[in-house]
Structures are given as structure tokens and as C-alpha cells.
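Below: the structure, in C-alpha cells.
The values are calculated or read from the model by the stated rules, or taken from the named source; none is laboratory data. On a predicted model such as this, the values are computed, not experimentally measured, just so you know. Heads up, the Cβs are rebuilt from the backbone with ideal geometry, glycines too, and the neighbour counts pull from every protein chain shown.
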Amino acid sequence: MTAPPRARAAGGAAKSTGPSADGTGAAGSGAAGAGVPASSVAAPGAPPRTRRAAATTVTAALVAALLLLALLSAGIGAYTIPVSDVLGSLLHRAGAGGAPLDRVAESVLWNVRLPRVVLAVLVGASLGCAGALMQGVFGNPLAEPGVIGISSGAAVGAVASIALGLTFLGNWTVTACAFVAGLATVLLVYLLSRSGGRTEVVTLLLTGIAVNAFAGALIGLSIFFADNAQLTQITFWQLGSLAQATWPKVLAVLPCALAGLLVAPLCSRRLDLLALGERPARHLGVDVERLRLTLVLVVALLTAAAVAVAGIITFVGLLVPHLLRMAAGPGHRFLVPGSALGGAVVLVGADLAARTVAQPAELPLGVLTALLGSPFFFWLLRRTRRRQGGWA
């Protein structure tokens, strides 16, 4: 007795479901809810075992690089502290042996260097993870957190607070204004692009471009009315830096960064299904609109917190996910946490270079990442165009 045509068609659709980008052959929770077996979603290109091995190798390399760079960054500077002494002080504070340093070295390490290293890890991880999420949500490798106005909105809040001389929260005024303005901007972009209970990607992007232009005009007006001292502060903030890192700033960023970094990997499987297209993802049980709203809010939280304490730092969220895709494939179950690790590695290394390349002066961190990131991104565009035979 044969199955009805509809049943056979449904079964065929389930079996012909497109491949997941994760390379592990497992579908998301939506696929399971739709009756599609996890094994029906396979990785394109390389076999799943090869991709898993590559992801494991890259993850181990990133962890090792982050630990090494963090130790070097904690020890290198105007006041040099040997790596062995850094390790000894860390072990002593943890109650696992080691020995304390002299008074000056202990103060430099724990009050200056370590807050800066930890803040670089949090900011870099937030920007890298946010970039991977944005590219997954928009299905566009050129997407990055600033495209929907988060960075420019945070800049408006910071620049306006400086130009108006606001001090209602003391030294935290600029940081708080930047954070609130960044979140408010992305919510405004989302509300303006929503129509009929849905938000289309193209409309969201175009709305973000318009809001970015308006934010740029507001920043220009603030600069026009600022005095010389305020202009210096505005310029320094916009160039991006971790020079003002303190433990209170680390604690201010920590809740937002941890919340975003913990929620993001939970959406990885649904992002893999969304890579098949909105319609196939809906058929597999993914609530695309809810997923998009959740991830936009996560990106806003991560980026606004990072920009509020570090200023405008470009190219981290754009390039790190690209590099990891080239190394281990496009699966989001690796790409999302891997981008957080990669962003932390890049920013800790960039901050170390910014402090040491032009001693005793310090290069602006945002300028350094742009100087290094722009040529690489240009090479990436040329490489992609050459492999595809053109953009059309």
C-alpha cells in the first residue's frame, strides 16, 4: 500500500534538505521539531570529521595564542616584568604557590596591566562574536556590527556627553551615555525597518545606513560646538583605546559581555539552518523573526558595551569570522565561539603592539586595527572576486 502523494512529497522534502554549514551533520532544534533527522543535514565540501578536526585544531591554537599574548602583554611595557614573575604573582594571588613581586611591580601588574589585558579580552571577544552573528543573521560576509548603527549611535552618545559637558555620573558619564545611545539606536533601526510584523534584511540594512548618516551629522554638530579641550577628548575617544582600563571598567563590561557570549552559541544551529534561506529555515521549524530579533539584541549588547569603554575599534568583527571560515569552514557551532576567541587574540595582540611599537608614545588602537585590517580586507575581496570570476 503506497503512501499518499502529499506524504511522499513531504518525505522527499525532508530527505533533500540542504546541507548545514556547520560541518557536523547535525541539524538544529528546529529541524528535530520538524521531524527531520539530524543526519539529514550534512556539511558541504570537506567531510564532517575533517571539519571537526580543523575546528579542534584552530580552537586549541587560539587558546594557546591568547594565553601567550596575555602573559606577554602583562609583562611587556615601560616597566618590564619577566613572564616567570607574572606567573608567580598570579599563582600567589590564586593561593597555588608562586611568590609576590616587589611593591612597584605588583602595583603595575595588578592595577595597570592586568585590567587592560582583561578588558582587551572582553572587548575583542564581544566584537568578534558580534561580527559572526551579524554575518549569520544577514547572510552577508560584509556585515559587521556597525552596519545597523550600533557603533555610530554609541559615538553620538559619547560625543554629545563630552560636547555638552555632562558629568551626572562622574567619570562614568561618557561610558554610560555611549552604552545607552548604542542600544537605543539599534532598537530604533529595528522598529523603523519592521512592517507587517516582519523585518526584511534589506530594509534593516538600508535603515541602518540612513541612521548611520544621521548619526554622523549629529557627531559633526557636536564637534562644531565643542571647545578645544572637548575636541581633544572627542578625538581621543573616537580613535579607540584601552589606556583608561581599570577594574571598575572591567566589571562594567563583564555582565554584558558574559550575557551575550553565553546566549550567542545557543543560536548556532538555527543560524546554520538560516543559512539555507528563510523559507527552508521556517519549514524546518525555525522562528526566523524571533531568531533575528534575539541576535540583533545580543549584537547590540555586545557592541554597545565594547564601544562604550574602548571607543570605535574597526575590522575586528569583520575580519575574524572570515579568517576562521577559511581555516575551519562556515559552521556556526564553531564560528560563533571561535570568533569570540579570535577577537580576543587579535585585540590583545593589537593592544600590545599599540603600547610598544612607538614607545614611549601609544598608538590609537582603532587606528592600528584599521591600518592592519584594511589591506587584508582588500586582499580578501580580490581573492573572493578572482575565485568567483566576478561579482555578477
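Computed values, structure above
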item	result
Which listed residue, of Asp287, Asp351, is among the acidic types (Asp, Glu) and either within 29 Å of Ser73 (Cβ to Cβ) or touching a Cys at 6+ places or on another chain (Cβ under 7 Å) (or both)	Asp351
Counted residues, the stretch 47-83 - those being part of a helix (DSSP H, G or I) and loosely packed, with under 15 Cβ neighbours inside 10 Å	12
Total residues in the stretch 232-262, condition crowded, with 18+ Cβ neighbours inside 10 Å and aromatic (Phe, Trp, Tyr)	1
Matching residues, the stretch 224-243, being touching a residue at least 60 places away in the same chain (Cβ under 8 Å) and under 28 Å from the mean Cα position of the chain (by Cα)	Gln233, Ile234, Phe236, Trp237, Gln238, Leu239, Gly240, Ser241, Leu242, Ala243
Residue check for Gly366: under 30 Å from Val174 (Cβ atoms), surrounded by 16 or more Cβ atoms within 10 Å (Cβ to Cβ) and modelled with pLDDT of 85 or more	yes
Evaluation of Gly98 against (1) on the phi > 0 side of the Ramachandran plot; (2) modelled with pLDDT of 85 or more (one fails), failing number	(2)
Of all residues making up the stretch 166-215, the number that are charged (D, E, K, R) and within 22 Å of Leu301 (Cβ to Cβ)	1
Positions within the stretch 192-214 being in contact (Cβ under 8 Å) with a residue 12 or more places away in the chain and not in a helix (DSSP H, G or I), in sequence order	Gly197, Arg198, Thr199
Any helices (runs of 4 or more DSSP H) falling wholly within the stretch 84-188 and containing at least 2 residues that are crowded, with 22+ Cβ neighbours inside 10 Å	114-138, 150-163
The lone exception for Pro330 - which of (1) part of a helix (DSSP H, G or I); (2) out of contact with any helix residue (DSSP H, G or I) (no Cβ under 6 Å at 6 or more places or on another chain) it fails	(1)
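Condition check ((1) within 26 Å of Leu266 (Cβ to Cβ); (2) not basic (Lys, Arg)) across all residues:
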{"position": "Thr314", "(1), (2)": "no, yes"}
{"position": "Arg325", "(1), (2)": "yes, no"}
{"position": "His332", "(1), (2)": "yes, yes"}
{"position": "Ser339", "(1), (2)": "yes, yes"}
{"position": "Arg355", "(1), (2)": "no, no"}
